[in-house]
Amino acid sequence: MSSQHRALHLRAVAAALLVTFLWSSSWVLIRWGLDDEALQPVTFAALRYGLAALLLIGWVASKRPLRQSISGLDRRSLIQIIILGVVFYTITQGAQFVAIDNQPAATTSLVLSWSPLLVAALGSLFIAETATRRQIAGALLVAAGAWAYFAGDLGATALGMMAALIAMAANVASSLLGRNVNRRADCPPVVVTAISMAVGAALLVAVGIGTEGMPAVSARAWLIIGWLAVVNTALAFTLWNYSLRRLSALESTAINNTMLIQIALLAWIFLDENLGIAEITGIVLVTIGVLLSQAARTRAT
């Protein structure tokens, strides 16, 4: 790997880690919105991603080069971006909000932590990215760490587990599809984010209002929604699509799983959830697994 490529790769890793921190803080904010503000899960997700999509569409529309990049998209790329929006935003995020609302966040995190194993298994079939032995070992450690962290009574519910499993499956599919879309580099990351998020958010709005009705939103709830939309969504997903241009699908999913560590620390600080021996052991295993995956990528490039 040349020094320039190494620098670009490290920049992509840093961007991805920043995004995971923003997304981890979202779990605390989502819990506040669901519990303290009594927001309905799908409508909550719809408001977050709908507002973020409007911001991104406005930004793209104001920049001529970005508008022109849309007209340069071929039919195949446009279809893939639309599908990405449905899978990554409508299904993954909608199901995740429902899961968090119906069972402890730890349970949903546990289910989602298996994503790297499935990405490793399916990556070679769909996007020609074969995982190395070190990467597979890293993914296994991430999964083992997740199990160790969340050992014990997780308070799972039937609806919560069903939603979490749907979110996991959609998350795996979006990791593979997102990598395939972004590495083609037909248009800037912000355009990919704006189009896919607009499609996914529109469906979330329709489903949310159709099933839960128009919500009564307090001023504090709007502050939560606004922060989630502008910082944790519009900015974060744009940075995430940028990172996908340099990171493999397995790498990005492994980095995404550092959220287990970050959520644990944020929950300890803001939600008074204490860490025990099992939790600390899990954090160590997840950290080693992610670092092992990154070391494998550096050697292979």
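In the stretch 67-95, the residues that are of a type in the set (S, T, N, Q) and assigned to a helix (DSSP H, G or I) form Cβ pairs under 6 Å with partners that are modelled with pLDDT of 90 or more and crowded, with 17+ Cβ neighbours inside 10 Å, at six or more places apart or across chains, as follows: Thr90/Gly200; Thr90/Leu203; Thr90/Leu204; Thr92/Ala167; Thr92/Ala170; Gln93/Ala45. Based on this model, can you work out whether Arg245 counts as in a loop (DSSP other than H, G, I, E, B), of a type in the set (Lys, Arg) and either touching a Phe, Trp or Tyr at 6+ places or on another chain (Cβ under 9 Å) or surrounded by fewer than 20 Cβ atoms within 10 Å (Cβ to Cβ) (or both)? Yes: the conditions hold for Arg245.
What are the residues in the stretch 215-232 that are touching a Ser or Thr at 6+ places or on another chain (Cβ under 8 Å) and either part of a helix (DSSP H, G or I) or without any contact (Cβ under 8 Å) to a residue 24 or more places away in the chain (or both), if any? Full working, then the answer.
Restricting attention to the stretch 215-232, the residues satisfying the condition of being touching a Ser or Thr at 6+ places or on another chain (Cβ under 8 Å) are 215, 228, 232.
Of everything in the stretch 215-232, those that are touching a Ser or Thr at 6+ places or on another chain (Cβ under 8 Å) and either part of a helix (DSSP H, G or I) or without any contact (Cβ under 8 Å) to a residue 24 or more places away in the chain (or both) turn out to be Leu228, Asn232.
Residue count for the stretch 120-168 under the criterion of being modelled with pLDDT under 70 and in contact with a Pro (Cβ under 7 Å, 6 or more places away or on another chain): the result is 2.
Look at the stretch 18-36 and say how many of its residues are within 22 Å of Thr107 (Cα to Cα) and either surrounded by fewer than 18 Cβ atoms within 10 Å (Cβ to Cβ) or of a type in the set (A, V, I, L, M) (or both). Explain how you work it out, then say what you get.
Residues of the stretch 18-36 that are within 22 Å of Thr107 (Cα to Cα), as a first pass: 19-36.
The next check asks that each one be either surrounded by fewer than 18 Cβ atoms within 10 Å (Cβ to Cβ) or of a type in the set (A, V, I, L, M) (or both); those that pass are 19, 21-22, 28-32, 34-36.
Total meeting the criteria: 11.
Test Val60 against the stated conditions and say whether it is within 19 Å of the chain's Cα centre (by Cα) and in a helix (DSSP H, G or I). Taking the combined requirement at face value, the residue does not satisfy it.
If you take the residues in the stretch 169-191 that are among the hydrophobic types (A, V, I, L, M, F, W, C), crowded, with 18+ Cβ neighbours inside 10 Å and modelled with pLDDT under 90, which one is farthest from the chain's Cα centre (by Cα)? Walk me through it before giving the result.
Initially, the stretch 169-191 is screened for residues among the hydrophobic types (A, V, I, L, M, F, W, C), giving 169-170, 172-173, 176-177, 181, 185, 187, 190-191.
Now drop any that are not crowded, with 18+ Cβ neighbours inside 10 Å, which leaves 170, 172-173, 176-177, 181, 187, 190-191.
After this cut, where a residue has to be modelled with pLDDT under 90 as well, the list is 172-173, 176-177, 181, 187, 190-191.
Details: Val172: 10, Ala173: 12, Leu176: 13, Leu177: 13, Val181: 16, Cys187: 21, Val190: 16, Val191: 18 Å.
The residue in question is Cys187.
Out of Ser3, Ser25, one residue alone is of a type in the set (S, T, N, Q) and free of Cβ contacts under 8 Å to residues at least 24 places away in the same chain. It is Ser3. Applying the selection to the stretch 1-52, what residues are over 30 Å from Gly213 (Cβ atoms), within 14 Å of the chain's Cα centre (by Cα) and not hydroxyl-bearing (Ser, Thr, Tyr)? Within the stretch 1-52, Ala15, Ala16, Leu17, Leu18, Val19, Phe21 meet the criteria.
What about Leu165, is it in a helix (DSSP H, G or I), buried (at least 20 other Cβ atoms within 10 Å of the Cβ) and not basic (Lys, Arg)? Spell out the reasoning first.
Numbers: in a helix (DSSP H, G or I): yes; buried (at least 20 other Cβ atoms within 10 Å of the Cβ): no; not basic (Lys, Arg): yes.
Considered against the rule, which asks whether it is in a helix (DSSP H, G or I), buried (at least 20 other Cβ atoms within 10 Å of the Cβ) and not basic (Lys, Arg), Leu165 comes out as no.
The values are calculated or read from the model by the stated rules, or taken from the named source; none is laboratory data. If you're wondering where the values come from, they're calculated on a predicted model, not measured in any experiment. Ideal geometry is used to build each Cβ from the backbone, glycine not excepted, and the neighbour counts take in all protein chains shown.
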